[in-house]
Ligand code: FES
């Protein structure tokens with residue numbers, strides 16, 4: 001399956017097809033128009049359709065063709081930013097609601113799988129959080145002292161208990177024979193699944209209940225109000241009582257949300273291992289960035305999925321080396337690895353206070369909703385979005401509304417807020433620097449580079465036949481200079497996570513239009 005979100009292929013793309021749909025080809029009306037056919041959009045559509053609402057889902061790619069097909073699909077309530085941090089920023093009540101909502105999301109996925117009879121490899125299993133031995137001994141990597149590092153499990157155990165997860169326990173080691181994790185926390189009743197098979201099942205459920213799905217349909221203008229409108233770039237109009245923007249990061253919001261979250265690129269390898277040689281479970285360590293591991297069973301062998309090596313999107317172009325680093329880390333701990341079958345990357349939106357933004361879009365009329373800020377927990381946050389936005393549209397009380405409110409201000413996250421926005425401000429210095437190369441002659445076939453020409457910066461790609469494709473390097477969102485991603489063959493914006501294919505066509509927001517032609 002070719003990808004429209006980058007060149008690499010994830011295990012999900014390699015092992016399942018999603019149902020094909022046609023582009024929208026008429027003007028139409030619906031109760032709710034949902035833009036984005038990833039897990040947040042599809043879950044919202046499915047749950048609203050079950051309530052009797054007419055729904056339309058639009059996506060410029062295919063179902064799950066954004067970041068949902070690039071996840072490792074851990075389903076967990078063991079928040080990866082740590083419960084003691086969520087408690088610091090959102091208080092004890094916020095931490096309890098976060099625990100409840102992620103737990104409810106896993107339960108809801110399990111219920112939908114059963115009700116719809118979706119064959120998506122869903123299974124319950126335990127999750128294990130451990131402190132890497134080298135980290136414990138040296139206090140390295142994130143500057144923690146040894147005492148801080150060894151203390152982290154104890155603090156998290158107590159905070160998880162206060163958040164209501166009273167069955168979390170500390171044990172001597174995770175159930176991995178090939179290396180001793182040392183003391184770890186066990187989070188029971190986590191889960192995993194195949195996200196594209198799950199979305200295929202959701203799509204069948206949506207359509208059975210009268211919902212409509214249109215792919216290959218780019219939403220170019222979205223407006224709320226008495227009659228909300230979504231205009232598509234192929235010239236059609238959807239009017240609706242409400243619209244939901246579930247595009248990983250909102251393409252309808254110019255600034256507000258994008259100052260409160262930051263895009264990070266994360267890397268994954270799929271390693272072939274003998275069947276049953278690693279206990280099926282979810283594993284994480286406490287490094288920053290942390291490693292995350294799970295097992296996906298296959299017919300002849302299992303696949304060990306190992307992720308990590310995150311960096312701010314568009315601010316490094318060394319994906320091959322990061323995959324090498326992951327392989328080295330994995331082979332040291334899992335010597336049964338027989339070979340590396342898959343390498344891919346994805347993008348995570350990190351909210352400055354660790355909680356997704358789900359609900360009414362600040363500054364818009366009341367009937368515009370967003371879901372963003374997956375925080376590395378996209379499968380549960382996406383499902384929470386479906387439940388919460390459905391409640392808001394059905395005018396029901398939902399106890400999670402304030403916690404996830406996109407308009408919230410978390411004063412205790414002001415340091416993280418300042419740090420991320422200083423980082424963005426620094427990216428504008430790219431206007432003053434030279435290009436990656438002096439001239440297009442230096443660009444190899446199949447590669448891209450930024451070139452300075454007079455006062456302008458150009459994003460130049462040389463295709464496999466040697467033909468050059470030049471676009472402006474200025475991101476149409478807020479004007480940062482994009483950079484080349486040689487792993488995915490995309491242009492990535494270092495400011496808020498927009499990405500464009502090698503020819504400059506937008507594939508991920510917040511930008512919602514292509515890189516301009518050089519004569520525009
Ligand atoms: Fe905001 Fe590019 S994503 S300037």
In the stretch 51-115, how does Rg compare with the Kirkwood Rh, expressed as the Rg/Rh ratio over alpha carbon atoms?
1.08
By how many nm would the segment from residue 503 to residue 441 lengthen if fully extended, with 0.36 nm per residue of separation less the alpha-carbon distance?
20.5 nm
In Å, what Rg and Dmax follow from the Cα atoms of the stretch 330-485?
21.7, 61
Scattering profile of the stretch 171-315 at q = 0.14 Å⁻¹ [log10 I(q)/I(0), Debye over alpha-carbon scatterers]:
-0.98
If you consider only alpha-carbon coordinates, what radius of gyration and Dmax does the stretch 1-128 have, in Å?
17.3, 51
Fewest first, what order do 379, 42, 183 take by the number of other Cβ atoms within 10 Å?
183, 379, 42
If the convex hull is drawn through the Cα atoms of the stretch 1-57, its volume per residue in Å³
108
Per-selection Rg to Rh, the stretch 339-396 - Cα, Kirkwood hydrodynamic radius
1.14
Pairs of alpha carbons in the stretch 420-479 whose separation is greater than 20 Å (percent):
32
Quick one: 247, 401, fewest Cβ neighbours within 10 Å first, how do they rank?
401, 247
Would you mind classifying the stretch 256-333 by shape? Square roots of the alpha carbon gyration tensor eigenvalues, ordered a ≥ b ≥ c; an a/c under 1.5 is rounded, otherwise it is prolate if a/b is larger than b/c and oblate if not.
prolate
Tell me whether the stretch 185-237 comes out rounded, prolate or oblate; compute the Cα gyration tensor, take square roots of the eigenvalues as a ≥ b ≥ c, and use a/c under 1.5 as the rounded threshold.
prolate
Students often check this: by mean Cβ neighbours within 10 Å, which of 85-97, 194-206 ranks highest, and how do the rest follow?
194-206, 85-97
Long-range alpha-carbon pairs in the stretch 429-520, meaning those over 17 Å apart, account in percent for 41
Long-range alpha-carbon pairs in the stretch 363-409, meaning those over 12 Å apart, account in percent for 64
Based on the alpha-carbon set only, what is the convex hull volume of the chain divided per residue, in Å³?
148
Tell me the Kirkwood radius of the stretch 324-365: reciprocal of the mean inverse pair distance over distinct alpha-carbon atoms, in Å.
14.5
Where does the chain land at 222 nm, in deg cm²/dmol rounded to the nearest 500, when only DSSP H runs of n ≥ 4 count, each adding -39500 (n - 2.57), divided by all residues?
-8500 deg cm²/dmol
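As a test, work out the antiparallel percent of DSSP beta bridges whose residues both lie in the chain, rounded to the nearest 5.
The antiparallel fraction comes to roughly 75 percent.
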Whole-Å semi-axes of the ellipsoid equivalent to the stretch 389-455 (Cα gyration tensor, √5λ, descending)
45, 19, 9
Could you list 166, 266 in order of exposure, starting from the residue whose Cβ has the fewest other Cβ atoms within 10 Å?
166, 266
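FYI, it's all coordinate maths here, none of it is from the lab. A quick note: this is a predicted structure, and the numbers were derived from the prediction, not measured. All Cβ positions, even for glycine, are placed from backbone atoms using ideal geometry, and neighbour counts span all protein chains on display.
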